[in-house]
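The values are calculated or read from the model by the stated rules, or taken from the named source; none is laboratory data. These numbers were taken from a predicted model, which means no experiment stands behind them. Cβ: placed from backbone, ideal geometry, glycine included. Neighbour counts: every protein chain shown.
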Amino acid sequence: MLLRSLLFIPADSPRMLLRSDVMRADMIIFDLEDGVAPERKVQARELLRAYLMSGLTSCQCMVRVNQVRGPEFAKDMAALRGVPFDGLYLPKVEQPEEVRQAAEALESLEAGTEKTGRFLFNTVETPLGLENAMACMQASERVMGVCLGSEDYAASLGVQRSEDYTELDYARRRLVNLARAAGRKAVDTVFADAADLEGLRAQTLYGKRLGYDGKAAISPAQIPVIHSVFAPSGEEVRHAREVVRALEQAAGAIAVLNGKMIDKPVAEQARHILELAQSI
Amino acid sequence: MSKVVKTLKSAIQLCGLEDGMTISFHHNLRSGDRAAAQILAAIASLGIKDITIAPTSLLPGHDALIPYIEDGTITRIQTSGVTPQIGRLLQSRALLKQPVEMRTHGSRAAALESGEIWVNVAFVAASQADKYGGCNGCAGVSAFGSIGYSMVDVRYAEKVIVVTDQLLDEPVHPASIEQSSVNFVVPVESIGDPAGIATASLSPSRNPVDSLIADMTAQLIIHSGCLYDGCRMQTGAGKISLAVASKLSRYMEQEQITADFAMGGVTGAMVEMLEKGQIRALYDVQSFDGRAVRSVLDNDRHMEVSATAYASPSAKGGAIVDQLDFTILGATEIDTGFNVNVITDSNGCLISGTGGHGDSADGAQLTIITAPLYRMKYPTVTDRVSAICTPGRCVDAFVCEKGIAVNTEIEHNRELVFRLRDAGLPVRTIQDMKVEAERFTGKLPPLRQGGRTVAKVLWRDGTVLDEIGAYPE
């Protein structure tokens, strides 16, 4: 599954809900949590349910429910019964038990229905969540990936998030490493200044270099920038094709291209680029 | 000989304006126009009634004319468009002696040439004039750029009065309108606020729907084969159009393509392409923002053209619109026959004008209509538009956020469908899009209008394309 971009859409905005399928994000996250004021949560649930039941959207979507250990989670899950969506985006995950509880809620939701196999996506938003991220990812087979929540994470550290995200560097590097070790997808944190597209490009590029599969977004205007960073360049695709062709000609043996040896990691990287190019 | 007359009233008397006659004026100052209100005030103060106004269009700056419609000073209107306020007045009260005649900019020029529109006195608001009558719109404190629409009026009107807020002793330069065409010059305190001309978008849209439409439109143009070195283009002034222009500009830079010319209403975005060498010349009948206004004066390759040269179907040798490879236009509605409405909203209320829409659609090789699939609760794609201003036979494609519909009733477009599909673009039928739009909005009830005809929409050849009724009783 292509996950270059995850776009948050507040579930209490009819206008944004109706436009969600043309935002061009790889995954839409309908937000019932922090993007919705407490007094509007009931309305947001009703609106989201009505919208998803209407069949007006065909995009891949997750729902960001409220914290599993909080009182709103059960209400969110009740509103999602019988509704088509692809997964749950879990906020502020700290303990494997929360993930298991969310997985059980999905089991119950899917029991007796045709739609099964919904996934979970964990968010790390505290130092404890980061320390437990591996265990949380491994708590359920349903966990597809993980994302860092930068604002809450910085607040938990007791620091102000700076423009260059320096204070999050450790968390970003560690989290992508843990995700890879667990065999899960890793999506980089949002870039908070929706008007600064150049800053977004720089931060997306940095996340890509760290190994992230994609980046979360708070504005549709960020999507084209994120996609352009994660799209392999023409030169990368050409090189990947040459690598694969050289390997085929070598018939399984170690190949050499332009005097350089092509070993397994190089071959895997080339195949990944071609798969990405194919899926865009 | 000095042609300066101290007051508008005196100039009007010297021209012999009487009850039942016709006057004209331009709309280049758009929302900032203050000249027309002064002209009508002077006419009314002389007790002259039953006047036909034949402006090039009516924009919000002309809402000040409403009292003169109500008191019988104005009893007929020949225009390319009206404002929502004037539309509301005309559709709710029977104040005019005959329906408004709405013509495209090109067909208005042709009607002046043929005498179908006969102007007794043409008023020309000029930002700079000399005492002999030479004038322009591109210099002076109230500069608004091209004065191209009035170039036709001064040629065919019986009398011409220039109204200016910058009167020079020495001959004006450039003399966009020459002194030989002008009878009188009237200095006034102000012809208007040039800030009001910037009614067009000043920057490309960042709205995701508009951006998606712009992406697909740019790809459509690229894969149509209409974007080549030496092509001729009109990109328009809406937010989507500006976003398309910006994408085309990047592509042209990358592929080293230079357009022969761009034309129509000119924006700063087009001026930037001219200055970067991506367009060899700009033909300007109407300047849409401050950068375009300055460029008319400063850049020799940015040329004012008359409405006749721009779009008249009777222009000798053809109008410039006939040379266009592609044009990008908007719509309030488009129907499954690709007929386009830009004059009314979905409730049949007059809100705007046809302008040069029909002219460039008819002239261009590739005419693209862009619009979101629906606005609020109203679908853009319908079974039948509320008012036809451009017939479907002139429209090649419609682009909305859900894809591209190609008008395959036009034979040469069948190949275009294959080209676009080969390029991986989402080609759908217009009927599909109508169904999709109604999934979001529901089906609109049939349009209800009163029996009285308020406006007739005329096609470029003078035939009636459609009629717009009064509000229901």
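Of all residues in the range B:406-440, count the ones that are touching a residue at least 40 places away in the same chain (Cβ under 8 Å), within 21 Å of B:T327 (Cβ to Cβ) and away from chain A (no Cβ under 14 Å).
Result for the range B:406-440: 8.
State yes or no: is A:V63 farther than 30 Å from A:F230 by Cα, touching a residue at least 12 places away in the same chain (Cβ under 8 Å) and away from every other protein chain (no Cβ under 14 Å)?
Considered against the rule, which asks whether it is farther than 30 Å from A:F230 by Cα, touching a residue at least 12 places away in the same chain (Cβ under 8 Å) and away from every other protein chain (no Cβ under 14 Å), A:V63 comes out as no.
Which of the residues that make up the range A:131-140 are surrounded by fewer than 20 Cβ atoms within 10 Å (Cβ to Cβ) and either under 16 Å from the mean Cα position of the chain (by Cα) or not in a loop (DSSP other than H, G, I, E, B) (or both)?
Matches in the range A:131-140: A:E131, A:M134, A:A135.
So, in the range B:266-294, how many residues would count as being in contact with a strand residue (DSSP E or B) (Cβ under 8 Å, 6 or more places away or on another chain), of a type in the set (G, A, S) and surrounded by fewer than 24 Cβ atoms within 10 Å (Cβ to Cβ)?
The total comes to 1.
Can you tell me how many residues within the range A:25-51 are in a helix (DSSP H, G or I), within 14 Å of another protein chain (Cβ to nearest Cβ), touching a residue at least 12 places away in the same chain (Cβ under 8 Å) and hydrophobic (A, V, I, L, M, F, W, C)?
So the count comes out to 0.
Determine, yes or no, whether A:E163 is modelled with pLDDT under 95, more than 26 Å from A:F30 (Cβ to Cβ), assigned to a helix (DSSP H, G or I) and more than 14 Å from the chain's Cα centre (by Cα). Break it down into steps so the answer makes sense when it comes.
On the way: modelled with pLDDT under 95: yes; more than 26 Å from A:F30 (Cβ to Cβ): yes; assigned to a helix (DSSP H, G or I): no; more than 14 Å from the chain's Cα centre (by Cα): yes.
No.
What about B:A243, is it surrounded by 19 or more Cβ atoms within 10 Å (Cβ to Cβ), within 14 Å of chain A (Cβ to nearest Cβ) and free of Cβ contacts under 8 Å to residues at least 60 places away in the same chain?
yes
Name the residue that is farthest from the other protein chains (Cβ to nearest Cβ), counting only residues in the range B:209-240 that are modelled with pLDDT under 90 and surrounded by fewer than 23 Cβ atoms within 10 Å (Cβ to Cβ).
Here the residue is B:G238.
Answer yes or no: is there a residue in the range A:203-221 that is of a type in the set (D, E) and free of Cβ contacts under 8 Å to residues at least 60 places away in the same chain.
No, the range A:203-221 has no match at all.
When the residues of the range B:246-262 are filtered to those that are of a type in the set (S, T, Y) and under 23 Å from B:P208 (Cα atoms), which remaining residue is surrounded by the fewest Cβ atoms within 10 Å (Cβ to Cβ)?
Of everything passing the filter in the range B:246-262, B:Y251 is surrounded by the fewest Cβ atoms within 10 Å (Cβ to Cβ).
I'd like to check something: does the range B:184-206 contain any residue that is surrounded by 20 or more Cβ atoms within 10 Å (Cβ to Cβ), more than 20 Å from the chain's Cα centre (by Cα), away from chain A (no Cβ under 14 Å) and not β-branched (V, I, T)?
Scanning the range B:184-206 turns up at least one residue that is surrounded by 20 or more Cβ atoms within 10 Å (Cβ to Cβ), more than 20 Å from the chain's Cα centre (by Cα), away from chain A (no Cβ under 14 Å) and not β-branched (V, I, T).
Is there any pair linking a residue in the range B:14-43 that is assigned by TED's automatic domain parsing to the domain that holds B:I117 to one that is crowded, with 24+ Cβ neighbours inside 10 Å and of a type in the set (D, E, K, R), with Cβ under 6 Å and at least six apart or on different chains, and which?
Partner pairs satisfying both residue conditions: B:S24/B:D153.
Mind telling me which of the residues A:R201, A:R172, A:R180 ends up being modelled with pLDDT of 95 or more and closer than 16 Å to A:H272 by Cβ?
Testing whether each residue is modelled with pLDDT of 95 or more and closer than 16 Å to A:H272 by Cβ leaves just A:R180.
Counting residues that are among the hydrophobic types (A, V, I, L, M, F, W, C) and away from chain B (no Cβ under 14 Å), which strands (runs of 3 or more DSSP E) fully inside the range A:171-280 reach at least 3?
By residue number, A:255-257.
Pick from the range A:81-124 the residues that are outside any loop (DSSP other than H, G, I, E, B) and of a type in the set (D, E): which of them is surrounded by the fewest Cβ atoms within 10 Å (Cβ to Cβ)?
A:E104
Here are some residues: A:P71, A:P14. Which one is surrounded by fewer than 17 Cβ atoms within 10 Å (Cβ to Cβ) and either in contact with a Cys (Cβ under 6 Å, 6 or more places away or on another chain) or away from chain B (no Cβ under 14 Å) (or both)? Break it down stepwise before answering.
Details: A:P14 fails: either in contact with a Cys (Cβ under 6 Å, 6 or more places away or on another chain) or away from chain B (no Cβ under 14 Å) (or both).
After applying the criteria, what remains is A:P71.
Taking strands (runs of 3 or more DSSP E) that do not extend beyond the range B:155-257, which have at least 2 residues that are in the same structural domain as B:L59 (by TED's automatic domain parsing), of a type in the set (A, V, I, L, M) and at negative phi?
Filter on the range B:155-257 gives B:159-164, B:184-187.
Please identify the pairs in which a residue from the range A:152-179 that is assigned by TED's automatic domain parsing to the domain that holds A:A139 has its Cβ atom under 7 Å from the Cβ atom of a residue that is basic (K, R) and not in a loop (DSSP other than H, G, I, E, B), counting only partners at least 6 apart or on another chain.
Partner pairs satisfying both residue conditions: A:A179/A:K185.
Go through the range B:367-381 residue by residue and tally those that are buried (at least 22 other Cβ atoms within 10 Å of the Cβ) and touching a Leu at 6+ places or on another chain (Cβ under 8 Å).
7
Among the listed residues B:R108, B:R88, B:R103, which satisfies the condition of being over 17 Å from the mean Cα position of the chain (by Cα) and in the same structural domain as B:I161 (by TED's automatic domain parsing)? Lay out the reasoning, then the answer.
Values: B:R108 fails: over 17 Å from the mean Cα position of the chain (by Cα); B:R103 fails: over 17 Å from the mean Cα position of the chain (by Cα).
Selected residue: B:R88, the only one of B:R108, B:R88, B:R103 that is over 17 Å from the mean Cα position of the chain (by Cα) and in the same structural domain as B:I161 (by TED's automatic domain parsing).
Please go through the range B:410-425 and pick out each residue that is surrounded by 13 or more Cβ atoms within 10 Å (Cβ to Cβ) and either outside any helix (DSSP H, G or I) or touching an Asp or Glu at 6+ places or on another chain (Cβ under 9 Å) (or both).
Those that are surrounded by 13 or more Cβ atoms within 10 Å (Cβ to Cβ) and either outside any helix (DSSP H, G or I) or touching an Asp or Glu at 6+ places or on another chain (Cβ under 9 Å) (or both): B:I410, B:N413, B:L416, B:A423, B:L425.
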